[in-house]
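Read through the structure below, which is laid out as structure tokens, and then see the notes.
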Amino acid sequence: MTTFLLVPGFWIGGWAWGEVATSLRTAGHQVHPVTLTGVAEKAHLATPDTNLDTHTDDIVRLIEQEDLRDVVLVGHSGGGMPVTQAADRIPERIRRIVYVESGPLPDGVAQFDTNDPAERDRLRARIGDGHLLPVRDWDAATDPVLLAGLDDAMLATLRERSTPHPLGAATQPVHRTGAGDGLPVALVACVFPVAQVEAMVAQGHPFFAAFRGGQLRGLPTGHWPMLSEPKRLAEILDELSQTP
């Protein structure tokens, strides 16, 4: 049995891991889907002070309060940032970090920084003086690559259940002391083919360099595989949990 802690990306809560969690539990694992502060059923807790450290605290607190050990820590998309910080803070409790369409950003880099300047300006204009990152449109016609594999019913669910994301979680830079750098890491790549990721790793790309020597798994689908390919994602997580 493996203990999994599943952290979602922006705008969605632990509910998004429902089918993945069911499959993993059926396989005999212990599973803890996480909803981060200020999102989904915790949307009412969002404040201007909610940031990346808040979300890191969410993860660390759950692991410590439940006395979880030998954890496979899974971070999807923007959830990879608090996962990275949590593993850096309590590496002795973590067996492996699995990044799903994500990766450990370099120290001092924020998720917001990964957008091109024009997109940052567009978002800043839309947010104004607010403290929340607006929900995306979930329009497959205008975003067919990232939303690949999501049917109309799931897109409708995402429009209904998504909530704005605390802006500070995107704009606060990642802080890494290096304490978790020795932990085994894996990447589940969906939008980027594995061959392309391998090339970026070999080139030392700052967003992929940490996967040198790690496990790479391809799952061709859109950016939300827990919703578009939940059974296959669960199978991959199960396989990775048994990898030395």
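Nothing in this text is a laboratory measurement; each read-out follows from the coordinates by a stated rule. In this text the structure is predicted, and so the values were computed from the model without any measurement. Glycine gets a Cβ as well: all are built from the backbone with ideal geometry, and neighbour counts include every protein chain shown.
For the chain, the mean residue ellipticity at 222 nm estimated from helices alone is -10000 deg cm²/dmol, where every DSSP H run of n ≥ 4 contributes -39500 (n - 2.57) and the total is divided by all residues, rounded to the nearest 500.
Protection proxy ranking, highest mean first, for peptides 206-218, 95-107, 230-242, 150-162: 95-107, 230-242, 206-218, 150-162, where packing is the per-residue count of other beta-carbon atoms within 10 Å, averaged. If R0 is taken as 45 Å, the Cβ-Cβ distance between GLU64 and ASP137 corresponds to a FRET efficiency of 0.75. The fraction of Cα-Cα pairs per 10 angstrom bin, counted from 0 for the chain, comes to 7, 33, 40, 18, 1 percent, rounded to whole percents. Counted by Cβ distance under 15 Å from THR37, the other residues give a net charge of -3, where Lys and Arg count +1 and Asp and Glu count -1.
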